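The values are calculated or read from the model by the stated rules, or taken from the named source; none is laboratory data. If you're wondering where the values come from, they're calculated on a predicted model, not measured in any experiment. All Cβ positions, even for glycine, are placed from backbone atoms using ideal geometry, and neighbour counts span all protein chains on display. The accessibility values were calculated without ligands, DNA or RNA, using every heavy atom of the protein model including side chains. Shrake-Rupley method; radii C 1.70, N 1.55, O 1.52, S 1.80 Å.
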2 protein chains.
Amino acid sequence: MVKRVRGSRTGRPIMVLLDLLGRRWVLRIVWELREEPRRFRELQDLIGASPTIVNGRLAELREAKLVELDADSGYRLTALGKELLRLFLPLHAWSEKWAKAT
Amino acid sequence: MVKRVRGSRTGRPIMVLLDLLGRRWVLRIVWELREEPRRFRELQDLIGASPTIVNGRLAELREAKLVELDADSGYRLTALGKELLRLFLPLHAWSEKWAKAT
DNA sequence: GGCGGGCGCTACAGAAAATGTAGTAACGGA
DNA sequence: TCCGTTACTACATTTTCTGTAGCGCCCGCC
């Protein structure tokens, strides 16, 4: 099975990353894993997407080494994933400001 | 025409924001506007998406007050959009690190 | 005056992706 | 043996995206 990089032919890391994060539910999944590991169904219920898509996105995130499955606790962010999340945390505060401005 | 908030029923700003940014091409468009305003066709060529979708996403970004159209220079980030971009800039450096790790 | 080129944007048919529902297979405990 | 829980898959329907063509507008040019 051949993998294609959507959205960019360059393969530049920033483009690959923007493309990955720009897929539906991906940001949301990372966000929901910010505090504690989640089980597959738990995650699915939290975000309200179909299992097909949750499974697909988790597979992509695992391949990107941002998420891993721990048999005991469930899906969780890897060290790399936590780093990425840290970059996103300011979004939370900013979104409140943005909501007021719109 | 009724607007529905995809991906979340709560309407919490962070969810609305994650949903907006999680739409295909949205992050990419914001990224391509990081340095200078871009014309519609220019933007379209840069990211390689169909005009239908570029137009749709630009409409959403304009409604979210992150992007505006200046008749003289083209599409550009608003003050709010620039703030958001600033939060995303560390992604660039991080993506390089991430690319090495995967 | 009317032609060409650039502008934002739209129409539409076909292709791809997401949804919603059901179900599989594996394990562990009562 | 049956029940519950786990991750995950199948598949028909619906939604979204793509690719291509073209519209209407304005401006400069001859």
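Of the residues making up segment B:27-53, those that are assigned to a helix (DSSP H, G or I), within 13 Å of DNA strand D (Cβ to nearest atom) and more than 23 Å from B:Glu83 (Cβ to Cβ) are B:Phe40, B:Arg41, B:Gln44, B:Asp45, B:Pro51, B:Thr52, B:Ile53. Does segment A:63-83 hold any residues that are in a helix (DSSP H, G or I) and either open to solvent by 40 Å² or more (accessible area, probe 1.4 Å) or free of Cβ contacts under 8 Å to residues at least 12 places away in the same chain (or both), and which are they? Matches in segment A:63-83: A:Glu63, A:Ala79, A:Lys82, A:Glu83.
The residues on offer are B:Arg12, B:Arg41, and the sole one that is closer than 24 Å to A:Ala101 by Cα and of a type outside the set (A, V, I, L, M, F, W, C) is B:Arg12. Screening A:Leu17 with (1) free of Cβ contacts under 8 Å to residues at least 12 places away in the same chain; (2) open to solvent by 40 Å² or more (accessible area, probe 1.4 Å) gives one miss only, at (2).
Among the residues of segment B:43-62, those identified as open to solvent by 70 Å² or more (accessible area, probe 1.4 Å) and at pLDDT 95 or above are B:Thr52, B:Asn55, B:Arg62.
Restricting segment B:1-35 to residues that are acidic (Asp, Glu) and under 19 Å from B:Ala59 (Cα atoms) leaves a set whose member that is modelled with the lowest pLDDT is B:Asp19. Residues satisfying the criterion are absent from segment B:81-98 (criterion: of a type in the set (Phe, Trp, Tyr), more than 10 Å from chain A (Cβ to nearest Cβ) and farther than 15 Å from A:Ala101 by Cβ). Of all the residues in segment A:54-77, those that are within 16 Å of DNA strand C (Cβ to nearest atom) and in contact with a helix residue (DSSP H, G or I) (Cβ under 9 Å, 6 or more places away or on another chain) number 9. Within this structure, B:Arg86 fails the test of being open to solvent by 20 Å² or more (accessible area, probe 1.4 Å) and outside any helix (DSSP H, G or I). The single condition among (1) more than 10 Å from DNA strand C (Cβ to nearest atom); (2) in contact (Cβ under 8 Å) with a residue 24 or more places away in the chain; (3) out of contact with any Pro (no Cβ under 8 Å at 6 or more places or on another chain) that B:Pro37 does not satisfy is (1). Against the test of being touching a helix residue (DSSP H, G or I) at 6+ places or on another chain (Cβ under 9 Å) and within 16 Å of DNA strand C (Cβ to nearest atom), the options A:Leu21, A:Leu80 yield a single qualifying residue, A:Leu21.
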